[in-house]
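Comments concern the structure below.
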Amino acid sequence: MKNLLCLDFDGVICNSIHECLLVTYNCYFKIIGDSNNQAEEIAGIPIEIRERFYNNRYLVRPAKDYWLLMKLVLEGNSLIEEEYFNNNLVGMDGYLDEFEKLFFDYRENMIKEKLHLWLSLNPIYNEFLDYYNKNNEREFYIVTNKNRVAVEVILENNKIKFNSENIFAKENFTTKESALKEIAKLNNLENDQIIFVDDSPATIKELTQQFPNSYLANWGYYKNNSELIKSINKFSELY
């Protein structure tokens, strides 16, 4: 039976946690009109803010969620419960939408003006490189809330061959479930022939009923898999 591998990008292929922190930090303070709190590099962000952000990064799904994460981090929250985070997203659409536009504009400017720095903040995980170097002829899809240009720039600069038609980025779908259904349809596959790897436990829990072969990447941002979500430590466990 043919199986098709589909991968999230951030937290599975690419470790963007430092870039997202830097962009989030600067955009958040720009929105609230505080020009004194701007950082050129990660080292310019207070270490306690960095640690809180890293510990809770797994809660973020679309980029707009970073606004709330930074708000809670700055309020001193060290460990944020998933339910509390999701409840606080309710009614925040105005702030979230404004932040999201600024977030992607800021990222675009970094790519244009500080490409070397930006790429250094988006390294490829060794777990993916090990798999790719042994299986670079095997077709795979990318399903990500990241914007397409950012994905393509990172892949190209890391000399990772890819079919641009196999990238389902934030511009191309409403939910990851809808994207995976479209991929299954395009390839004439049943849902259980799709193998999907993501860094978000919430996403895996949502997808499991429709896509039973969905797995959490243990090398990603979620470090406490106490809910016994199906997970992998390396891609070779899938085949």
Just a yes or no: is a residue in region 138-148 surrounded by fewer than 18 Cβ atoms within 10 Å (Cβ to Cβ), without any contact (Cβ under 8 Å) to a residue 60 or more places away in the chain and acidic (D, E)?
no
Using the structure shown, decide if A184 is in contact with a helix residue (DSSP H, G or I) (Cβ under 7 Å, 6 or more places away or on another chain), closer than 22 Å to F128 by Cβ and either part of a helix (DSSP H, G or I) or assigned by TED's automatic domain parsing to the domain that holds M110 (or both).
no
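Starting from residues that are under 24 Å from T175 (Cβ atoms) and surrounded by fewer than 17 Cβ atoms within 10 Å (Cβ to Cβ), keep the ones in region 75-85 and report whichever is nearest to the chain's Cα centre (by Cα).
Across region 75-85, the extreme among qualifying residues is E82.
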Given the criteria within 30 Å of F235 (Cβ to Cβ) and either of a type in the set (K, R) or within 16 Å of the chain's Cα centre (by Cα) (or both), does Y58 qualify?
yes
Considering every residue within region 147-154, establish whether at least one is within 18 Å of the chain's Cα centre (by Cα), within 20 Å of I17 (Cβ to Cβ) and part of a loop (DSSP other than H, G, I, E, B).
yes
Just give me the residues in region 124-137 being within 15 Å of E156 (Cα to Cα), surrounded by fewer than 16 Cβ atoms within 10 Å (Cβ to Cβ) and of a type outside the set (S, T, N, Q), in sequence order.
L129
Going through (1) buried (at least 16 other Cβ atoms within 10 Å of the Cβ); (2) more than 20 Å from D199 (Cβ to Cβ); (3) over 18 Å from the mean Cα position of the chain (by Cα) one by one, L72 fails only at (2)
Subset of region 188-212 (residues that are surrounded by 14 or more Cβ atoms within 10 Å (Cβ to Cβ) and in a loop (DSSP other than H, G, I, E, B))
L189, D199, S200, T208, Q210, F211
Any residue that is outside any loop (DSSP other than H, G, I, E, B) and either of a type in the set (A, V, I, L, M) or over 30 Å from L115 (Cβ atoms) (or both) - is there at least one of those in region 165-173?
yes
Condition met for K181 (of a type in the set (D, E, K, R) and either under 13 Å from L7 (Cβ atoms) or surrounded by fewer than 14 Cβ atoms within 10 Å (Cβ to Cβ) (or both)):
no
Of the residues in region 224-238 that are part of a loop (DSSP other than H, G, I, E, B) and in contact (Cβ under 8 Å) with a residue 12 or more places away in the chain, the one that is farthest from the chain's Cα centre (by Cα) is E227
Take region 1-23 and flag every residue that is among the charged types (D, E, K, R), within 12 Å of the chain's Cα centre (by Cα) and within 20 Å of F235 (Cβ to Cβ).
D8, D10
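The values are calculated or read from the model by the stated rules, or taken from the named source; none is laboratory data. Predicted model only: the values in this text are computed from it and were never measured. Cβ coordinates were reconstructed from backbone atoms using ideal geometry, including for glycine residues, and neighbour counts include every protein chain displayed.
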